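Q: Got a structure for you, written out below as structure tokens; questions coming shortly.
The values are calculated or read from the model by the stated rules, or taken from the named source; none is laboratory data. In this text, all values refer to a predicted model and were calculated from it rather than measured experimentally. So basically every Cβ, Gly included, is an ideal-geometry build from the backbone, and we count neighbours across all protein chains shown.
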Ligand code: 5RP
């Protein structure tokens, strides 16, 4: 890796411990105003102090994040579809000039292995890697799962390995049973997505198991911003990723930061 690439990569995966807490708030690019992200600035601002980096679109970056913020940006540069259509029909949606203008630390693009538009998304990844190598910007490949795909180790290993072979610098995927096999067969760092909202304790277990399985960190969205205590959740996840906290210790952090309203709702 050239200096610029290494330097940007180190903003995402911290060199002190080789770990990363990425806050994913890019969901609106195909989901629109999804639950918890209706007003992006309100959701994002209180969470940024606890995130190593934030993954979002250029629209939300420009409208909803203070340009004085020092949090590194992972820019979503693929899209072109909505939840109403075939999600695999994506293309690159941001020019490299705009990526440079926005001073981002990495670019993120989804690949849809096994879906109708598999080939186009893999070719897009390769083109993006060429641009990333030219300007020293790491590429995060998101192994998005098509409607009929199983999220198992066999499928996710296939998708992660292809992403790495095509030059992705870091791969984001889902947690699954035998997650260690996915990590072992992927020659670049793997970061785990949170997936759909599950109970907080389960989400913390997922994060801990993923780290145990060899993930460098988490790129978590819904399980943070749809929680009854988003700040509590990101702090708890952070403790697992960076401070070797157990699930029980992390759960205490989450519980202790819940506001009175959330505590009342939980009984
Ligand atoms: C969508 C994405 C999201 O960033 C990803 O799903 C992570 O968020 P969550 O933890 O909510 O799954 O890449 O394609």
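Q: Out of the residues in the stretch 215-251 meeting the condition of being more than 16 Å from the chain's Cα centre (by Cα) and not in a helix (DSSP H, G or I), tell me which one is nearest to the ligand (Cβ to nearest atom).
A: Here the residue is 227.
Q: Can you tell me how many residues within the stretch 123-145 are within 15 Å of the ligand (Cβ to nearest atom) and within 16 Å of the chain's Cα centre (by Cα)?
A: Of the residues in the stretch 123-145, 7 are within 15 Å of the ligand (Cβ to nearest atom) and within 16 Å of the chain's Cα centre (by Cα).
Q: Follow-up. Being in contact with a strand residue (DSSP E or B) (Cβ under 8 Å, 6 or more places away or on another chain), surrounded by fewer than 23 Cβ atoms within 10 Å (Cβ to Cβ) and either without any contact (Cβ under 8 Å) to a residue 12 or more places away in the chain or within 18 Å of residue 20 (Cα to Cα) (or both) is the requirement here; does residue 169 meet it?
A: For residue 169, the condition - in contact with a strand residue (DSSP E or B) (Cβ under 8 Å, 6 or more places away or on another chain), surrounded by fewer than 23 Cβ atoms within 10 Å (Cβ to Cβ) and either without any contact (Cβ under 8 Å) to a residue 12 or more places away in the chain or within 18 Å of residue 20 (Cα to Cα) (or both) - is not met.
Q: Something else now. Residues in the stretch 160-175 that are closer than 21 Å to residue 222 by Cβ and either away from the ligand (no atom under 16 Å from the Cβ) or over 16 Å from the mean Cα position of the chain (by Cα) (or both): how many?
A: The qualifying residues number 0.
Q: Identify, from the list 35, 80, the residue that is surrounded by fewer than 20 Cβ atoms within 10 Å (Cβ to Cβ) and more than 25 Å from residue 131 (Cβ to Cβ).
A: Of the residues listed, the single one that is surrounded by fewer than 20 Cβ atoms within 10 Å (Cβ to Cβ) and more than 25 Å from residue 131 (Cβ to Cβ) is 35.
Q: Something else now. Out of the residues in the stretch 119-151 that are assigned to a loop (DSSP other than H, G, I, E, B) and surrounded by 21 or more Cβ atoms within 10 Å (Cβ to Cβ), which is modelled with the lowest pLDDT?
A: Selected residue: 145.
Q: Could you tell me whether the stretch 146-157 includes any residue that is in contact with a helix residue (DSSP H, G or I) (Cβ under 7 Å, 6 or more places away or on another chain), touching a residue at least 24 places away in the same chain (Cβ under 8 Å), under 29 Å from residue 84 (Cβ atoms) and within 13 Å of the ligand (Cβ to nearest atom)?
A: no
Q: Continuing with the same structure: Tell me yes or no: at least one residue of the stretch 181-188 is outside any helix (DSSP H, G or I) and out of contact with any strand residue (DSSP E or B) (no Cβ under 8 Å at 6 or more places or on another chain). Break it down stepwise before answering.
A: Of the stretch 181-188, the ones outside any helix (DSSP H, G or I) are 185-188.
Now drop any that are not out of contact with any strand residue (DSSP E or B) (no Cβ under 8 Å at 6 or more places or on another chain), which leaves 185, 187.
Checked against the condition, which is being outside any helix (DSSP H, G or I) and out of contact with any strand residue (DSSP E or B) (no Cβ under 8 Å at 6 or more places or on another chain), the stretch 181-188 yields at least one hit.
Q: Further question: Among the strands (runs of 3 or more DSSP E) lying completely within the stretch 5-98, list those that include at least 3 residues that are in contact with a helix residue (DSSP H, G or I) (Cβ under 7 Å, 6 or more places away or on another chain) and within 14 Å of the ligand (Cβ to nearest atom).
A: Result: 20-24, 73-76.
Q: Is it the case that residue 116 is away from the ligand (no atom under 13 Å from the Cβ), farther than 19 Å from residue 2 by Cα and not in a helix (DSSP H, G or I)?
A: Numbers: away from the ligand (no atom under 13 Å from the Cβ): yes; farther than 19 Å from residue 2 by Cα: yes; not in a helix (DSSP H, G or I): yes.
Criteria met by residue 116.
Q: If you scan the stretch 190-206, which residues turn out to be without any contact (Cβ under 8 Å) to a residue 40 or more places away in the chain, crowded, with 20+ Cβ neighbours inside 10 Å and within 13 Å of the ligand (Cβ to nearest atom)?
A: Those that are without any contact (Cβ under 8 Å) to a residue 40 or more places away in the chain, crowded, with 20+ Cβ neighbours inside 10 Å and within 13 Å of the ligand (Cβ to nearest atom): 192, 203, 206.
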